[in-house]
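Okay, structure first, notes after.
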Amino acid sequence: MAFRKDFLWGGATAANQCEGGYNLDGRGLANVDLAPLGEKRMGVITGQDKMFEFVDGEIYPAKEAIDMYHHYEEDISLFAEMGFKTYRMSIAWSRIFPRGDESEPNEAGLEFYEKIFKECKKYGIEPLVTITHFDCPMYLVEKYGAWRSRELVGFYENLCNVIFNRYKGLVKYWLTFNEINMILHAPFMGAGLYFAPEDNQDQVKYQAAHHELVASAIATKIAHEVDPEMKVGCMLAAGAYYPYSPKPEDVFESRQKDRESYFFIDVQSRGEYPAYALKELERKGIEIKMEDGDLELLRENTVDFVSFSYYSSRVATTDEELLAKTEGNIFASVANPYLKASEWGWQIDPMGLRITLNDIYDRYQKPLFIVENGLGAKDTPNENGYVVDDYRIDYLSQHIQAMKDAVELDGVDLMGYTTWGCIDLVSAGTGQMSKRYGFIYVDKDDEGNGTLKRSKKKSFDWYKKVIATNGEDL
Ligand code: BGP
């Protein structure tokens with residue numbers, strides 16, 4: 001058998017993409033509620049942007065999403081029916097601290113997640129909780145400039161103290177920041193950062209990243225103090241870079257691109273700023289302000305496991321003409337002529353997952369956890385309301401086969417796999433409902449119409465079988 005006996009099979013979601021109930025029981029607003037649709041959604045935002053004159057109608061997707069706020073019992077029972085061993089979800093910071101800088105938490109927010117965790121436990125499902133999945137309370141964004149301010153470290157520490165103590169015994173696995181490297185690519189969506197025209201954006205991003213890295217180390221420290229059973233992981237938007245050609249410059253560029261992402265995990269998992277990063281920061285004229293004790297904190301509180309999302313590999317080149325075609329991609333990647341793409345243009349590369357798993361394992365030698373992977377597709381229910389999603393089954397089975405190869409043939413230590421959007425939810429990148437990943441269909445369209453009724457797709461029974469056979473029968 002390829003996978004461990006206690007392999008953590010499951011699915012993943014994020015609070016604002018599925019919960020809805022954006023203003024219920026005292027929840028405050030967050031950056032992810034107010035990210036604009038269209039091209040600015042993932043991109044750079046300036047301080048003058050109209051999003052700061054918030055109007056109720058513009059809240060999206062958290063306004064309703066798939067209303068898991070009221071459907072969680074039904075949804076978790078469906079996860080249990082598939083045999084989930086784990087459910088990756090995130091807490092919305094602004095449910096627990098509506099402004100973010102209060103000293104006392106909002107009890108109603110804490111109770112909501114407690115109910116969810118207890119519901120999971122009822123079925124023997126181990127929650128895997130992302131502490132921040134891109135979200136930052138909007139009050140902290142406006143008052144402090146989000147993670148550009150050192151004060152955020154203290155507010156995050158307070159959040160961690162509260163949740164670790166409250167959920168001790170209920171939650172064992174935690175992730176500190178979803179796709180921490182996204183701060184470089186989607187600074188507002190990913191970390192609440194927006195810029196004034198005079199800002200040196202790289203300076204702001206790396207300073208904010210330092211604050212997140214310190215906050216992540218503090219979280220790891222507190223978790224281990226509160227309950228030595230707790231395991232804390234970092235989380236990377238992964239996907240190995242291939243050189244476009246064997247030209248040495250392309251090969252070097254592909255390594256540089258990988259390092260851009262690995263930098264974060266090098267700090268979180270090895271405990272220090274790597275030499276290449278120090279040189280690069282110096283070249284860019286970036287000076288990171290650190291406090292006494294920061295380096296020691298980072299060194300002494302490395303993560304227990306390394307988790308990542310994988311959707312596709314990427315391709316790097318130094319060829320200016322080819323590079324010009326990558327503008328607008330969230331990760332600058334040239335199209336790979338050997339791969340097909342999904343209907344949303346994401347290239348499909350199961351072998352790339354095996355390569356990525358090997359790269360990361362070679363680098364860190366810690367247990368790995370794939371916490372996002374999946375196919376975003378436009379599903380159309382047939383006349384019986386049933387979605388025959390063979391394309392999704394194909395995608396997932398090929399990726400699970402690649403995982404198996406990495407474990408069985410290459411010796412990678414893999415602890416679990418949670419597919420992204422196990423129930424249809426709102427897409428982070430497009431803000432649309434029609435980019436679906438789930439085993440469970442949710443009746444809602446891009447205009448917000450629909451009954452929110454849940455129904456099983458063909459992939460539901462397929463995944464159930466995969467879990468029941470611990471990945472033997474794909
Ligand atoms: C990751 C995010 C998720 C998620 C996923 C799919 O970057 O962590 O929140 O949404 O990508 O992306 P999309 O929703 O744009 O298809």
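Overview of values
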read-out	value
Residue ranges of helices (runs of 4 or more DSSP H) in the stretch 147-265 with at least 3 members within 20 Å of A15 (Cα to Cα)	151-166, 187-191, 201-226
Tally, over the stretch 388-441, of residues that are among the β-branched types (V, I, T) and more than 24 Å from L128 (Cβ to Cβ)	2
Failed condition for Y361, given (1) in a loop (DSSP other than H, G, I, E, B); (2) more than 16 Å from the ligand (Cβ to nearest atom); (3) among the aromatic types (F, W, Y); (4) more than 18 Å from R436 (Cα to Cα)	(1)
Filter result for I91 (among the β-branched types (V, I, T), touching a residue at least 60 places away in the same chain (Cβ under 8 Å) and within 16 Å of the ligand (Cβ to nearest atom))	yes
Lone unmet requirement of (1) crowded, with 18+ Cβ neighbours inside 10 Å; (2) in contact (Cβ under 8 Å) with a residue 60 or more places away in the chain; (3) within 16 Å of the ligand (Cβ to nearest atom) for L353	(2)
Some residue of the stretch 48-61 being modelled with pLDDT of 95 or more and of a type in the set (A, V, I, L, M, F, W, C)	no
Selection count, the stretch 149-159, where residues are touching a residue at least 60 places away in the same chain (Cβ under 8 Å) and out of contact with any Lys or Arg (no Cβ under 9 Å at 6 or more places or on another chain)	6
The stretch 364-377: number of residues that are assigned to a loop (DSSP other than H, G, I, E, B) and within 12 Å of the ligand (Cβ to nearest atom)	4
Filtered residue count, the stretch 269-314, keeping only those that are assigned to a helix (DSSP H, G or I) and either in contact with a His (Cβ under 8 Å, 6 or more places away or on another chain) or closer than 30 Å to W344 by Cβ (or both)	1
Candidate set from the stretch 166-179 (those that are away from the ligand (no atom under 11 Å from the Cβ) and of a type outside the set (K, R)); member that is farthest from the chain's Cα centre (by Cα)	G169
Residue tally, condition within 9 Å of the ligand (Cβ to nearest atom), under 14 Å from D389 (Cα atoms) and not basic (K, R), over the stretch 425-455	1
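The values are calculated or read from the model by the stated rules, or taken from the named source; none is laboratory data. All figures in this text were calculated on a predicted structure; none of them were measured in a lab. Neighbour counts run over all protein chains shown; Cβ positions are idealised from the backbone, glycine included.
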